[in-house]
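The values are calculated or read from the model by the stated rules, or taken from the named source; none is laboratory data. Not measured: the values here are computed from a predicted model. For neighbour counting, all protein chains shown are included, and Cβ atoms are generated from backbone atoms with ideal geometry for every residue, glycine included.
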Amino acid sequence: MSQSLTAARPVAELELTGDVARPARLTVADLLAWPQHRVRVSFECATSGMQHHLFEGPLLHDVLSDAGPGFDPARRKDRLRFLIAVTGADGHHGLLSWAEIDPDFGRAPVLLAVGIDDTPLDLAGPQLVLPQDRCGARHISGIQGIHVDGRYAPGASPATG
Ligand SMILES: Nc1nc2c(c(=O)[nH]1)N[C@H]1C(S)=C(S)[C@@H](COP(=O)(O)O)O[C@H]1N2
Ligand SMILES: [Mo]
């Protein structure tokens, strides 16, 4: 057995896919490249009650914008058909709309946390943090995938605005 006892444990990676020009695989270390934000969040869990945490990480909007979402940034209406699907390694998942985190619309300061209560999340993977949510269910931990989907367009939409 030549395996070193100090061999690195597998580091979690999240896969950013979908309607983006630059799909990516991102570790927690990669997510440190964006400006970091700290936020204290309180949320209620239906089973375990109130929880309070200090989270740190980049804005989801900053990370996804740099991946080149497939809309025309000059046309605000073009962003309204985009969904963001977030999946945890255990299969827990949730949806956000692009407009929810867009500075021109909902402006929710949603984070991709790389740390919780000053503990790094390198091994567990990043956690979605939604300071605006009263309930904890969308604070998806161990994020494995983020899929940007711009196909929700059941009818033709007006060209401008
Ligand atoms: N991956 C994953 N993230 C998850 C969940 C889950 O089951 N899987 N549960 C959610 C729920 S219901 C709550 S309240 C918060 C906090 O859950 P915890 O008490 O397990 O930390 O995490 C959320 N994130
Ligand atoms: Mo919960």
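Give the residues of the stretch 60-110 that are within 16 Å of ligand 2 (Cβ to nearest atom) and assigned to a loop (DSSP other than H, G, I, E, B), sorted by residue number. Walk me through it before giving the result.
Initial filter on the stretch 60-110 (within 16 Å of ligand 2 (Cβ to nearest atom)): 86, 88, 90-94.
Within the stretch 60-110, Asp90, Gly91, His92 qualify.
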Of all residues in the stretch 97-121, which are touching a strand residue (DSSP E or B) at 6+ places or on another chain (Cβ under 9 Å), crowded, with 17+ Cβ neighbours inside 10 Å and touching a residue at least 24 places away in the same chain (Cβ under 8 Å)? Trp98, Ile101, Ala108, Val110, Leu111, Leu112, Ala113, Val114, Gly115, Ile116, Leu121
Name the single residue that is farthest from ligand 2 (Cβ to nearest atom) among those in the stretch 16-31 being surrounded by 15 or more Cβ atoms within 10 Å (Cβ to Cβ) and within 16 Å of Leu121 (Cα to Cα). Asp30
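Looking at the stretch 69-91 only, could you name the residues that are surrounded by fewer than 16 Cβ atoms within 10 Å (Cβ to Cβ) and not charged (D, E, K, R)? Break it down stepwise before answering.
Of the residues in the stretch 69-91, the ones surrounded by fewer than 16 Cβ atoms within 10 Å (Cβ to Cβ) are 70, 72-77, 85, 89-91.
The answer is Gly70, Pro73, Ala74, Ala85, Ala89, Gly91.
This table checks each residue for (1) in a strand (DSSP E or B); (2) at pLDDT 95 or above.
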position	(1), (2)
Leu112	yes, yes
Asp122	no, yes
Leu128	yes, yes
Gln132	no, yes
Ile140	no, yes
Ile146	yes, yes
Arg151	no, no
Ala156	no, no
Looking at Gly115, Gly136 in this structure, which one is within 16 Å of ligand 2 (Cβ to nearest atom) and touching an Asp or Glu at 6+ places or on another chain (Cβ under 8 Å)? Gly136
The condition of being surrounded by 20 or more Cβ atoms within 10 Å (Cβ to Cβ) and away from ligand 2 (no atom under 16 Å from the Cβ) holds, among Gly125, Gly145, only for Gly125
Apart from one, (1) at positive phi; (2) more than 10 Å from ligand 1 (Cβ to nearest atom) all hold for Ile146; the odd one out is (1)
Which number in (1) within 16 Å of ligand 2 (Cβ to nearest atom); (2) assigned to a loop (DSSP other than H, G, I, E, B) marks the one condition that Pro10 misses? (1)
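Looking for something modelled with pLDDT of 95 or more and closer than 15 Å to Arg138 by Cβ - is there at least one such residue anywhere in the stretch 20-38? If you could, list the steps in order and put the result at the bottom.
Here is the first cut: in the stretch 20-38, the residues modelled with pLDDT of 95 or more are 20-38.
From the residues that got through so far, the ones that are closer than 15 Å to Arg138 by Cβ too are none.
Within the stretch 20-38 (the criterion being modelled with pLDDT of 95 or more and closer than 15 Å to Arg138 by Cβ), the answer is no, since none of the residues qualifies.
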